[in-house]
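Peer 1: Below is one structure. I have some questions about it.
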Amino acid sequence: MMTEELIKKLDNISKKFEEYDFMLKEDLYELIEENNEIGSRILNTKLKKIHFFSDLESNSVGFTLDDVQVEFFVEYGEDEEGKWYEATAEIRWF
């Protein structure tokens, strides 16, 4: 269950992703709904302690907490219905 505090932190992470031209707010929310452990770790980490990164070669953006890294790989395309994207989250535990 997402609290107001967690939603605020997720919105701040989403804004940071937007600085790298990735609009992944809904994908970030979906990740937290599917993985409560990541949500708990975000909630218990100060925003300034989260390291953000982007890799243009692999078309990805992510963040690192103390012992976990979350990276979203984004694939873009277009079909008869219009432009689309698919984001796949990869979680790495240290």
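Peer 1: Please verify whether ILE42 is touching a residue at least 12 places away in the same chain (Cβ under 8 Å) and out of contact with any Lys or Arg (no Cβ under 7 Å at 6 or more places or on another chain), treating the condition exactly as stated.
Peer 2: no
Peer 1: Take segment 44-59 and flag every residue that is under 27 Å from THR3 (Cα atoms) and touching a strand residue (DSSP E or B) at 6+ places or on another chain (Cβ under 7 Å).
Peer 2: Just the residues of segment 44-59 that are under 27 Å from THR3 (Cα atoms), to begin with: 44-53.
Residues satisfying the conditions are ILE50, HIS51, PHE52, PHE53.
Peer 1: Return yes when GLU75 is over 10 Å from the mean Cα position of the chain (by Cα), without any contact (Cβ under 8 Å) to a residue 24 or more places away in the chain and part of a strand (DSSP E or B) and no when it is not.
Peer 2: Taking the combined requirement at face value, the residue satisfies it.
Peer 1: Considering only segment 1-61, give the helices (runs of 4 or more DSSP H) lying wholly within it that have at least 2 residues that are closer than 20 Å to ALA87 by Cβ and β-branched (Val, Ile, Thr).
Peer 2: Details: elements: 4-19, 25-34, 36-43.
Helices (runs of 4 or more DSSP H) meeting the threshold: 4-19, 36-43.
Rundown of residues vs (1) over 20 Å from TRP93 (Cα atoms); (2) surrounded by 12 or more Cβ atoms within 10 Å (Cβ to Cβ); (3) of a type outside the set (Gly, Ala, Ser), yes/no style:
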position	(1), (2), (3)
GLU4	yes, no, yes
LYS15	yes, no, yes
GLU26	yes, no, yes
GLU34	no, no, yes
PHE52	no, yes, yes
PHE63	no, yes, yes
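Peer 1: Anything in segment 65-79 that is crowded, with 16+ Cβ neighbours inside 10 Å and touching an Asp or Glu at 6+ places or on another chain (Cβ under 9 Å)? List them, or say none.
Peer 2: The initial filter retains those residues of segment 65-79 that are crowded, with 16+ Cβ neighbours inside 10 Å, namely 65, 68, 70-72, 74.
Within segment 65-79, VAL68, VAL70, GLU71, PHE72, VAL74 qualify.
Peer 1: Considering only segment 83-93, I want to know if a residue exists there that is free of Cβ contacts under 8 Å to residues at least 12 places away in the same chain, more than 23 Å from MET2 (Cβ to Cβ) and exposed (fewer than 13 other Cβ atoms within 10 Å of the Cβ).
Peer 2: yes
Every read-out reported here was derived from the displayed coordinates using simple, explicitly stated rules and does not represent laboratory data. Note that the structure is a prediction, hence the values are computed from the model and not measured. In this analysis, Cβ positions are derived from the backbone assuming ideal geometry, glycine residues included, and neighbour counts consider all displayed protein chains.
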